[in-house]
1. For B:193-199, what's the mean count of beta carbons from other chains sitting within 10 Å of each residue's beta carbon?
2. Among A:Ser40, A:Ala27, A:Asn124, whose Cα projects farthest towards the positive end of the dipole of chain A, with charges put on the beta-carbon of Lys, Arg (+1) and Asp, Glu (-1)?
3. Tell me the relative contact order for chain B as a rounded percent, counting alpha carbon contacts under 8 Å between residues six or more apart.
4. One decimal, nm, shortest first: give the distances between the label point of B:Gly64 and those of the same position in the other copies, each label point 7 Å from Cα along Cα→Cβ.
5. What is the gain in length, in nm to one decimal, between B:Ile53 and B:Asp157 on full extension, counting 0.36 nm per residue of separation less the C-alpha to C-alpha distance?
6. With an 8 Å cut-off on Cα pairs and a minimum separation of 6 or more residues, tell me the relative contact order of region A:1-105 in percent.
7. How far apart, in nm, are two points set 7 Å out from the Cα along the Cα-to-Cβ line at B:Ala27 and at A:Asp32?
8. Counting only other residues whose beta carbon sits under 12 Å from that of B:Val151, what net charge do I get with K and R as +1, D and E as -1?
Number of protein chains: 2
Amino acid sequence: MHVEIWSDIACPWCYIGKARFEAGLAAFAQRDDVEVVHRSFELDPEAPAAAGIPVLDMLATKYGVSRAQAEAMEARVADAAAGEGLDYRSDRIHGNTFDLHRLLHLGRAHGVQEALLDAFYRANFAEARPLGDPAVLRGIAVGAGLPAEEVARVLADPEAYAQEVRAEEREAAELGATGVPFFVIDRRYGISGGQPAEVFRETLERAHTDGAGKLQAVGEADEAGLCGDDGCAVPGK
Amino acid sequence: MHVEIWSDIACPWCYIGKARFEAGLAAFAQRDDVEVVHRSFELDPEAPAAAGIPVLDMLATKYGVSRAQAEAMEARVADAAAGEGLDYRSDRIHGNTFDLHRLLHLGRAHGVQEALLDAFYRANFAEARPLGDPAVLRGIAVGAGLPAEEVARVLADPEAYAQEVRAEEREAAELGATGVPFFVIDRRYGISGGQPAEVFRETLERAHTDGAGKLQAVGEADEAGLCGDDGCAVPGK
């Protein structure tokens, strides 16, 4: 089975939802047959690239609320994070995540995408590290297992993996995503938001049961060469 | 979009079908949104691991035909390969492919799965190299971009990636595969055999049109935290 998860590193419910999905997956008997890929989504593509601003300032401006009200909003999210055993700091920085997504594509090519995403989440939400600082990014990426010279090359070339990031963002829109996290199972089920773990487990079960042998068959067998138990059939000419 | 291709390195129609699929993909306008993953399938899990036997001998025994008849069968497949610009040798060796599939999983982890599969196909069908020889395997795997020490480690440990290979073989059966190549698009369309390129292009178009926004939505929105254009909604408690 194939699970795609669209998320943004700046998205608290993506951080929390990933933990809930993982709890649901752990309770799913066929978990070893599940392949997960993380896809790109930017909540705020216009966010400043270099320095960023404090999240509490961003929230106060965005919602037109006081600093205390912004803190109260964050406290509710922090409660949800704590419920999953996750640290959550409200003194983190809000900034642009395009470069982080480009690095996650490099991570996918090296088989360390998930380790890198976890490291980004931890750096942002648990440690409030400045992800707009290229030196910090480089350190996290190398720590997750990426070769330093490839990380430097990707960060130096703004077009590296840019097309891949944008293609995945278009794809989320085409699939009907209105926000993130957005979980897609076998391109048949869509789960929006950081749902309870049980929702993920149930949907995995359902997709597993529904999916077996239910593909729509395409093409004429007599035009195709096929190899099976009885050897290779050569199509009629 | 997500395409999975189940195939075996010992399968002539997988070799030919891959070229036809690629021609169909090249003619598909949204080809940059297509992600391809190659999955494991063994046509002959009982085939000898070490040395293997000449393919023509295997065919004569399997079908109870003369050597000349086996050569005539192979000549028809060679014609189809030539139609795709592929070299095809009938003096190749038939052997076990389990270790090759394990290495293809290592290749996936390093982002070079496709390069490695192409190299295996070329070594087997175009060059008739003995893939049962670990030194040959190592050379091909390193040439495709894998670190020599990891290749050696996987070849030395028969359980490395073994579970992954078997899980994908089970999955092919669950999806209704009766042979290979078996192409699955977005877990909704199944294409058996090395169909003409046009079948692949048309099915990609159809899946692209059908797939947009057609996911079945799961879960209650009010139990989920979701971040979108308007910020992050906190579910009611």
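The values are calculated or read from the model by the stated rules, or taken from the named source; none is laboratory data. The structure presented is a predicted model; accordingly, all values stated were derived computationally and were not measured. No Cβ is skipped: glycine too gets one built from the backbone with ideal geometry, and neighbour counts run over all protein chains shown. Note: accessible area is taken over every heavy atom of the protein model, side chains too, but ligands, DNA and RNA are not part of it. Shrake-Rupley method; radii C 1.70, N 1.55, O 1.52, S 1.80 Å.
1. Numbers: counts 13, 8, 9, 5, 0, 2, 5.
That works out to 6 on average.
2. So the residue furthest toward the plus end is A:Asn124.
3. Numbers: 331 pairs, mean separation 68.0, N = 237.
Relative contact order of chain B: 29 percent.
4. Here the equivalent label points are 8.6 nm apart from this one.
5. On the way: separation 104, 0.36 × 104 = 37.44 nm, distance 2.43 nm.
Full extension of this stretch gives 35.0 nm more.
6. On the way: 107 pairs, mean separation 37.4, N = 105.
That works out to 36 percent.
7. Between B:Ala27 and A:Asp32, the label points sit 4.2 nm apart.
8. Details: positive: B:Arg102, B:Arg138, B:Arg153; negative: B:Asp99, B:Glu149, B:Glu150, B:Asp157.
Net charge around B:Val151: -1.
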